[in-house]
Amino acid sequence: MIYTSFKKIDEVGRVVLPKDIREKIGLRLNDMIKIDVKNDSIIITKAEHTCVFCSKISGLKSFMGKTICEDCIKSLNNT
Ligand SMILES: [Zn+2]
């Protein structure tokens, strides 16, 4: 199913994702999204796995059932 919505981009590049779209894909306050660009399209996906400390979505490892990024692992090792 394709859902179409038209929105204006503001002066600093922001766009509001409509509430019904956020609810449809289960996006909630402070969730992270992944933005991909393919040709002339922008694909926004809910980031299912994020670092428990900083919410990054890249360089992730699993530790004791939690997801943590490499930068936070380094920070923990330096404490
Ligand atoms: Zn992190």
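The values are calculated or read from the model by the stated rules, or taken from the named source; none is laboratory data. Predicted model, so just to flag it, every value in this text is computed and none were measured. Positions of Cβ are generated from backbone atoms using ideal geometry, with glycine treated the same way; all protein chains shown enter the neighbour counts. Note: areas computed on protein heavy atoms with side chains; ligands, DNA, RNA excluded. Shrake-Rupley method; radii C 1.70, N 1.55, O 1.52, S 1.80 Å.
Tabulated results
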quantity	calculated
For peptides 65-72, 38-45, 52-59, sequence by mean Cβ density within 10 Å, most packed first	65-72, 52-59, 38-45
Rounded if a/c under 1.5, otherwise prolate or oblate - the chain, Cα gyration tensor axes	prolate
Contact order relative to length of the chain, as percent, for alpha carbon pairs under 8 angstrom and 6 or more apart	15 percent
Whether region 19-64 is rounded, prolate or oblate, judged on the alpha carbon gyration tensor where a/c under 1.5 counts as rounded	oblate
Helical mean residue ellipticity (222 nm; -39500 (n - 2.57) per DSSP H run of 4+; nearest 500) of the chain	-5000 deg cm²/dmol
Order by protection proxy (mean Cβ within 10 Å, highest first), peptides 23-33, 8-18	23-33, 8-18
Interchain or long-range residues, amide H under 5 Å from Ala47's placed H	Met32, Ile33, Lys34
Per residue solvent-accessible surface (Å²) - region 1-73, probe of 1.4 Å	88 Å²
Qualifying lysines (Cα of each under 29 Å from Cα of Lys8; at least 8 residues distant if same chain)	Lys19, Lys24, Lys34, Lys38, Lys46, Lys56
Of all accessible heavy-atom area on the chain, the percent that carbon and sulfur account for (1.4 Å)	55 percent
Amide H contacts under 5 Å for Thr67, placed H, 5+ residues apart	Val52
